[in-house]
Every structure is written in structure tokens, then in C-alpha cells.
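The following block contains the structure, expressed as C-alpha cells.
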Amino acid sequence: MTHSPHGLTIPSGLSPQRRRLLTELAARNDADHGEDLLGLVLSGSVGRGVATERSDLDVYVVLTDGGMGGRRTTRSPDVDEIPVPLSQLEEVPPFGSGGWWFRWSFAWVPILLDRTEGRLPVALHRAATVTPDEAEAILVEHDRLDGWLNYAYRALKSDRDGRGLERRLDAAESVPWLLDVIFTLAGRVRPYHKYLPWELGEHPLPGWEAGELLSLLEATLDGDPAAIRTTFARVESLCATFDDERSVPVLTPVFEGWGDELQIFRK
């Protein structure tokens, strides 16, 4: 990290042009908003160090409620500038809401400017974190665990019955549900697909080796029954561990509700 005027902290390795754009953006917002400017957050590919020459800068401009003044997101080939009030960042949109899909935008990103006495980093960490109570709601109330089991089960039944296309379709359909399950069990919001290999490599999930998990996902997309069964065994174990940390089990009953139907996963 390097420091620039206006108290800006810029990640090392950025091109001179991107450093200049960030410095100019900070100066302009400082002049426009003064004390209403609370922070700047660099998201997107540049913020995570995986940019290409075609990547633009995604910058969240964190303001007071009064500083918003009807400001809207502005986009250009070089910079997307997204104004957001700190009060909104400190709210946690639940799973299934429109705001849920933006929560990963704040995972693993550098804060360029923080005038909140620490409230901003806390808010960003919370946005990208799934609490145990949230996890229970996602996995049980929103049926992500049961939904994954259902699609994986259907894929294995189609394999048993020699229906290759149907097997592949159900297996592919199971993957988004599976990703919700495994990231939720780790207490994290799942990343956008573009960043999945990067996150697994840079911030491994407990219980999963990055290369192994990516291989299982690719094989599942191809409808490979062995990959589905291997993944099932790992998820079942992680769910048991999750329940061990709660006073009353909530995930084991989901498996138990399937009864003998789950034997197809254990062949």
C-alpha cells in the first residue's frame, strides 16, 4: 500500500493511470462533499488484484445520509463510481433480498479512505460474513441444503436409469445450490462466479482444497456421479460439524428427512 494526498491509501501494483484516476476521484469527492465524505472502497477486479487491461475501477463512495443528495452511480470506460451511505452499508440485507447479491462486492476489498473511526471496515466485513443464525436461515428456511440434495438426487437417479442428458442438466442445476451450501457453512457469502477460482486460491474454504473443489465442480457440471457422491460425503460431514456447534441440530434432520433415498449417494 502507498499513501497519497487526501489521506488516500492506494494498493501497490496499480498502473500510474489508475493511481491518477483514484487520486483525482478522491480530490473531487473531497471538494464536493467535505465532511460528508466518509470513505472510498475499491471493489471489482482491480481491488482484488486480478484486473486485466480492460478492467475498469469500481469505487464505492461512502457518504453520510445528508451527503447523498440524490447522487447516482456514474459509469465510464475507466471508472464506475457508486455512491452509498454508510447507514446502508451497516444494514445487512438478508438472503433472497435484492441487497443480498451486492454483499460479496465488499469481500476482500481494500479501503482507500476511512473517516469513520473503524465503522467502515466493520460494515464491510459484516456484509461478506454469514452468521450462524443467517446460515441456518439460508440452509433450512430458504432450502438451499434440501434444494441441492434434490437436484443431486435427481441427477443420480437419471444416471441409474441411463438418462444422460437429464443427469447432466440436474447436476449442473445443483451447482449454484451447492455453492450456497459450502460457502454458507464456512460463514461466507459465495463469490460471483468470475472470482470463484481466485477466492478459493487466495482465501481457502475450511475443509476444501482449492484444486480439489474446482475439479469436483467441473466434474459435477459434466454430470459425473462419482463427483456428486464425493461432494455429498464432504458436505454431510461439514453439516454434522455445523450441528455439533449448536444446542439443537438443524441440518442433520434435513438429511434424516430423506430416509433411505440417500442410499443412492453412498453406492
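Derivation of every value follows stated rules applied to the coordinates shown; laboratory data play no part. No experiment lies behind these values; they were computed from the predicted model shown. Note: ideal-geometry Cβ built from the backbone for every residue, glycine included; neighbour counts use all protein chains shown.
Would you mind getting me the FRET efficiency between residue 101 and residue 23? Use the beta-carbon distance for r and R0 = 35 Å, nearest 0.05.
The formula returns an efficiency of 0.70 here.
If the label point is 7 Å along Cα→Cβ of residue 87, which residues in the range 37-63 have backbone nitrogen under 13 Å from it?
Zone members listed by number: 63.
Which of 15, 174, 55, 45 has the fewest other C-beta atoms within 10 Å, and how do the rest follow up to the most?
Fewest-to-most Cβ neighbours within 10 Å comes out as 15, 55, 45, 174.
Per-residue counts of other Cβ atoms within 10 Å, averaged by peptide: what ranking do you get for 67-76, 185-194, highest first?
For the peptides 67-76, 185-194, the packing ranking is 185-194, 67-76.
Additional query: To the nearest 10 degrees, how steeply does helix 225-244 sit against the main Cα axis of the chain, on a 0 to 90 scale?
Between helix and principal axis, roughly 70 degrees.
So for the chain, taking the charge dipole from beta-carbon charges (+1 Lys/Arg, -1 Asp/Glu), which of 34, 88, 122 sits furthest toward the positive end?
So the residue furthest toward the plus end is 34.
Given the C-alpha centroids of the range 197-267 and the range 121-189, what is the distance between them in whole angstrom?
After rounding, the separation between the Cα centres reads 9 Å.
Would you list 106, 242 from fewest to most Cβ contacts within 10 Å?
242, 106
For the range 51-93, would you read off the P(r) tail past 17 Å as a percentage of all alpha carbon pairs?
The share of Cα pairs beyond 17 Å in the range 51-93 comes to 41 percent.
If I model a spin label at residue 157 and residue 243 as a point 7 Å from the Cα along the Cα→Cβ vector, what separation in nanometres do I get?
A separation of 2.3 nm, rounded to one decimal place.
Run the helix sum for the chain: -39,500 (n - 2.57) per DSSP H stretch of 4+ residues, divided by residue count, reported at 222 nm to the nearest 500 deg cm²/dmol.
-14000 deg cm²/dmol
Tell me, what ³J(HN,Hα) does each residue in the range 207-221 have, in order and in whole Hz, if you take phi through Karplus 6.51 cos²θ - 1.76 cosθ + 1.60 with θ = phi - 60° and put x for Gly and Pro?
With coefficients 6.51, -1.76 and 1.60, one gets x, 10, 8, 3, x, 5, 5, 4, 5, 5, 5, 5, 5, 5, 4 Hz.
Report the label-to-label distance for residue 117 and residue 266 in nanometres (one decimal), using points 7 Å from each Cα along the Cα→Cβ vector.
Reported label-point gap for residue 117 and residue 266 is 5.7 nm.
Only counting other Cβ atoms within 10 Å, I'd like 122, 181 sorted with the fewest neighbours first.
If I rank by nearby Cβ atoms, fewest first, I get 122, 181.
Length gain on complete extension for the stretch residue 140 to residue 194, per 0.36 nm per residue less the alpha carbon to alpha carbon distance?
16.8 nm
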